[in-house]
Each structure stands twice: as C-alpha cells, then as structure tokens.
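Since the structure comes first, as structure tokens, the remarks are kept for the end.
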Amino acid sequence: MADFTPDIVPVRPTALKPGYLAALFAVLAVVLGAFALYGLQQERRSTLETMERGARSLAEAVSRAEENVLRAEADMEALVGERLLDNARLLAELGSRQALSDTLIERLAAEHELDQVDVLDLEGRLLASSGIVDDDELDGWQEGLQRLFAGLEQALLFELDQRLFAVAVAMRNGGVVIVRASAERLLELRIRSGAGRLIQEIGSNKGVVYMVLQDSLGVLAASSDVVLIDPITGDTFLESALVKDSVDSRLVTFEGQQIFEAVIPFAPEGETLGLLRIGLSLDELRVQERRGRLQVLLLVLLLLVLGAVGAGAVTVRQNLSLLGDAYTRIQTYSSRILTQMADAVIATDPVGVIEVFNQAAEDLLGGDRNEVRGRRLQEVWPHEIVDRALQGEELLGAVCLYTNKEGGERTLAVSSSQVRNADGEVETIVLVVQDLSEKVAMEADLRRRDRLASMGALAAGVAHEVRNPLNAISVIVQRLRREFIPQQDKEEYGQLTGVVSEEVKRVNRIIEQFLELARPPALAKERADLAALLQRAAQTIEPRVLATGLRLQRDFNDVGAVEVDADQLQQALLNLLGNAIESMESMDEEAIKLAARSLADGWVEITVADTGPGIPPAELERIFDLYFTTKAEGTGLGLSIVHRIVSEHGGRIEVQSALGEGTRFTILLPRGC
C-alpha cells in the first residue's frame, strides 16, 4: 500500500492549441534536419580521424614488432649461448676427471640435443668427436682457439655460420671442449616475426586495401595484393612525410577507387628505414553516410507525423493531468483522514507485514510508525485478536483488553476487513481499532452515579422517617433520666438510659451521613496549589502511617494549580489514604504512595496506591456502591462519598487492583484554571 503523501497543490499545465503545436513540430523538424546534416559532417570528420588513429596504431604495432624481433633475436642468442656454455663446462669438468671417448661424447650430445661435440688436446689435435671434423676445420680451430690453449681465456662463444653456434671451454688438465648447436629456431623466429611478414598479415585484413614499406629506392615490403604503387620520388606529399615525425593522411585513388591513405615514417630503434603507407577502404564510411542520411529523412518525416497527431496527444495529456490531479487530491485527502482519525488504522499484507500505521495507532500501541512499517503486526501487538484477523476472520467491534507499556489496561474494539484484487486474492488486511477505555470508564461512572443517586434518595427518605421517632426516643430518654428516679437499681438504670442515649446519637450521626450523601453541600471552589494541598493531606495522615509501621511516599512536585473545594478534596484523599492504611495494618516495611502529575488537555491525575492484599475481582465493581463494605464495623459510605466529591468536581475515579499485588485509586480532575 502506498505511503502517506504530503499536501500537494497540483499545478495545471497550460493548454496548447493544436495548430500552434503542428507549426512548432514543423519548425522543429527543419532545425533538427539541419543539425543532423551538420552532425553527419562531423561524424565523417570524426570517422576519418579515427581511421588515421587506427592507421597510426597499426604502424606503431609494426614498428614495435620489428623492435621486438630484434630484441628476441638478441635474447635467443644469449639463451643459446648460456645453454652451450653450461653443456661445454659440464663436458670440460667430466673430461678433467676421465678420458672422453667418441661413444661417450655421442651419447651425451644426443641426450642434450647438441649438434656435435669435439675434444682437442693442448696441441690442437682431435682426441674425440661425436661427428666428422675435416683437416681444414681442424686447422681453423687451432688458429681460433690460441687464447684458450694459452690459458688467456676460459671460454669462447662464436657463430660458425647463420645456422650454427659454437662454444669452446678450456679443461683443467689441458685441452679444449667444443660444443655446437643449431640456430634453426632463431632463423624461424626471424622468418615468422619479421616486419615483412607482419605487413602481409595486416594487409590481408578486411578494410585494409594495402600496407607498403617503401624507401626512396623502391618497395621494401608490401601486402600480397600490391603489384605496383607510386614511388616516393616526385610525390611532394610522400617526400614531405618522409622527413616528418608524425602521421599524415589524404584521400587518394588506388586501382580506380577512392581510399584513405595514412603515411608514417618507419623508424624502429630510432633509425628511419622508409615510409609505411597504409591504405584503408572507405566502404564502411560510405555505408554510415547513407545510413545517416536515411535517418535524417526518417527523423524529419517522424516529426511531421508527430506534429499531425500532436493535438490529440495534448488533449490526452491534459486529460491524464486532470486525472492525476484528481488522484493526488484523493490521495492527499486520504492521508489527511488517516492522520487525523481518532481511531487507529493498521493495514498489512496477507502475511501480516505492516504497510500503514497511522498516528492514532502509534499513540495507542506505541512505536514510531516509520520504524514499525515493514515489521510483522504480531511483533508490535502480540494478541490473539490479531491472529484471528490475519487468519481471515471478519471482526466487527470485537472487544479485547490491551495492557500498554506503562502497565495501563485499555479496552479496545477491533474491526477488520480484507481487500481483494481482481483475481479474488487477499491483497491487504485492514484493522480499525477504537479505544473504548474512556467510554467504558464513563459508562461505569454514570452507572455508579445513578446507583448512588437512587440509593442516596432512598437513604434520605428512610433517614427522614427514622429521624422523627428517633428524636422522640431521645426526648423520652432525657425526661426519664431527669424526672424518673427508681427506688432500686439506680446504677443499672443510669447505665441503660446512657446506652440508649449514646446509641441514639450514633444512629443520628449515621443519618447525618446519609443526608450528606443525598444532599451534598455546594462546592466552594477556589484556586489552590495542588502540591500544597496533597502535602497537607500527607502531613495529616502521616502520624497514623508511622504508627502502623508503614512508609508514605510522595511524588507530586510541580503539578501546578487547580480550582477545587480544598476541604472536600482533602476529605476524599484522607478517606482513600485511610483505607490504604487499614488494608496494610498487618504488613511491615510496606509503603503507601501519594502521587500526582499533569496530563494533556488541562487535566491532572492524583494516585493513591498501596501494596496490600488487593481487592477480589468480584468486589471490585461494587466498592463505590452505597452500604457496601468488607469491614466488620464499616458503614459502606466512605468510598461513596469519595466518588460523590470527585463527580461534583467534574472528574472521575478509577481503581485497579490485583490480588497479592495491591490497589491503585486514580482521580482524574479538570484543572479548571
């Protein structure tokens, strides 16, 4: 479900006339066509520049390849020399220890892939060989190895011809070992990796018309398709390019077709050997140009068509804009309604993940709505009525009890419904939760007031009827005590008449309480500091608290002023505190708490709490009823009078109790000032 949206003032688009729109599209088509043609020219120039860069890259690749070939030849020669030296030294060491025979030398030459091994003595005579050595070759050895025979050198590396390398190493006991190896692999590398071979391979690629390496005397290397090409001499462009150090390019005709030619000096290792000319085909460029012109034509036609249908498009857009405005207003109104609703509204997906959690739900169940969105509802509100709603049960005002994080118990009415999509599948589950706590408390208070009023009226009538004969009895008793003096048992007679007189007074006091309940005195409200009023009540009751071994805790600082009848409110507080003391007289080291705090909307809350045995649930609903008491000598009027005083102030009193945990009375009063 969509998240709440802020208030939005939609801006309606300005309507355009269809004729103006068509003209606008026509002008736009012309402008875009001109820009497209300019773009084609720029694209052609860019393509030619790209081709020039590509040709330069090819030329650099050929130059680097030639340099790499030269380096590879040098590296190969070094590796071959190292290998031959290692083998020659091994054989020289072996020859120093034992005599080298032809058979042994042949086997070692075969194992180490050597072409031939020869052993000479100090006189240059042949001692052993794995091959054939003629006299001329032997004479050449004797002359070329004089420095080894004389002990001036230990090893010599030399090239016999283009296909053969040789190494000569002096032995410790005199003589020389000569090892020969083939240079065919190095020749193959030269053949495979030379610039000419690379030019032929590159020239055979698609898009390359030719590649030619040319100096002032003629062609040094060329791709296979080149039979004849213009010389450098006599061509001003080529002569100029030969002395430059950069790439030049031009459009030329070759074998009847126009091509793009890039020319760059070929100078591997810094020495200019000639010009490298690369001819590239323009077929791809021509295809791109034809495609671009076609695209420009299609673009102009498309814009003209769009101009023709533009009027209809504007009309549709305006209609869609109106629909969008309507949707935005509806969404904004829905957001306002959900935010300002007094009832909690919660919407979840079919598995119970919260999608909507309005402000009332946040206030009732706790938790920030932005944080709980995306969590499962059972985690935020673990209650069986939630499980029933998520299982598909349609609830209508189902009443349940909810205990908030502060421990307060609330009475809730839950209604739920399922929102289904076009396929009949459940898409959203909506719960509407109404807090009935205030309503339930007010209804209970009204019922209690009605009962008290009825019982008070009855009590007043009974008291009035009883009071007249009671007065007569009191007068008679007084006359008997004053005018009649018995002759016997005078003391007993005095006691009996005294008891009758005291009991008449006690009954009269009860009647006075009945009449006070039935005809309460008018409130004398005045502005008073609530903390001072509570402090006076605490000081009045504290001696009694200490006498029973209990403690009185106070928590009512900075609660402000209220407009009340201070005497009657203190009477109510002393009554509640007295009941708390009586319920805990047999308990040691326990505490009674008197507290107050300010509430929103101009109300204050006064709390009297104890940790006594608690009130049984069956008696909890009757404690404010007239004459209801659990005390052996109680009259059942105390809490009724407390209820009457609170009601006269426009407030209400609530009670919460649990067996074994204690009782808490809460007085809610309007501040009134």
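Tell me the net charge near THR50. Cut-off is 12 Å between Cβ atoms, THR50 excluded, with +1 for each Lys or Arg and -1 for each Asp or Glu. Combined, the nearby Lys, Arg, Asp and Glu give 0.
Residues whose amide H falls under 5 Å from that of ARG410, counting only those 5 or more places apart or on a different chain, are TYR402, THR403, ASN404, with hydrogens built in the peptide plane. Inter-label distance, LEU298 to ILE510: 10.9 nm, where each label sits 7 Å from its Cα along the C-beta direction. What does the C-alpha gyration tensor say about the overall shape of segment 214-259? Classify as rounded when a/c is under 1.5, otherwise prolate if a/b is larger than b/c, or oblate. Judged from the Cα gyration tensor, segment 214-259 comes out oblate (a/c at least 1.5, b/c at or above a/b). Proximity of backbone amide H atoms, modeled 1.01 Å from N, is registered between THR428 and VAL419 at under 5 Å, excluding neighbours fewer than 5 places apart on the same chain.
Which pairs in the list LYS505/LYS593; LYS525/LYS593; LYS439/LYS525 are over 30 Å apart, alpha-carbon to alpha-carbon? Numbers along the way, then the final one.
Working: LYS505/LYS593 36 Å; LYS525/LYS593 26 Å; LYS439/LYS525 27 Å.
In this structure, LYS505/LYS593 exceed 30 Å between Cα atoms.
Listed peptides 392-405, 222-235, 108-121 appear in the order 108-121, 222-235, 392-405 once ranked by packing, highest mean of other Cβ atoms within 10 Å at the front.
Accessible surface for segment 288-436, divided over its residues, is 57 Å² per residue with a 1.4 Å probe.
Can you send over the carbon and sulfur percentage of the accessible area for segment 326-442, probe radius 1.4 Å, protein chains only? Numbers along the way, then the final one.
Values: 3140 of 6280 Å².
C and S atoms contribute 50 percent here.
Gain in length, GLU137 to GLU409, computed as 0.36 nm per residue apart minus the alpha-carbon separation, to one decimal in nm?
Details: separation 272, 0.36 × 272 = 97.92 nm, distance 11.99 nm.
Working it through step by step, the gained length comes to 85.9 nm.
Take segment 547-596 with all the other protein chains still there, run a 1.4 Å probe, and you get 44 Å² of accessible area per residue.
The values are calculated or read from the model by the stated rules, or taken from the named source; none is laboratory data. Bear in mind that the values here come from a model prediction, so they are computed numbers and not experimental data. No Cβ is skipped: glycine too gets one built from the backbone with ideal geometry, and neighbour counts run over all protein chains shown. Just so you know, the surface numbers come from the protein's heavy atoms only, side chains and all, with ligands and any DNA or RNA stripped out. Shrake-Rupley method; radii C 1.70, N 1.55, O 1.52, S 1.80 Å.
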